[in-house]
Amino acid sequence: MKYGLPLAAGVCAADQDRLEDYAIRGALQAAVVLGLKTLFDGTALGARPSGEGRGFPSGHA
């Protein structure tokens, strides 16, 4: 699901001539999530319930 859904959405975007927009928005979303994970890693906000790091924000939130 992690790769299948974005791939299927990419196929739909290509079919509707929106692939460039889809790729730009996807890259931007990934950069924001990974940047926030890096920023909050090691803080109380970034801790998972198990105590491990890199818990917030989740990519699907």
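Overview of results
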quantity: Alpha carbon convex hull of the chain, projected area averaged over orientations, nm²; calculated: 4.6
quantity: Cα-based helix-to-principal-axis angle, 19-40 vs the chain, degrees rounded to 10; calculated: 0
quantity: Net charge of Cβ neighbours under 9 Å - reference residue 13; Lys, Arg +1; Asp, Glu -1; calculated: -3
quantity: Cα long-axis angle, helix 4-15 against the chain (0 to 90 degrees, to the nearest 10); calculated: 30
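Only the coordinates and a few stated rules stand behind these numbers; no lab work does. The model shown is predicted, which means the values in this text are computed figures rather than measured ones. With ideal geometry, Cβ positions are generated from the backbone for all residues, glycine too; neighbour counts draw on all protein chains shown.
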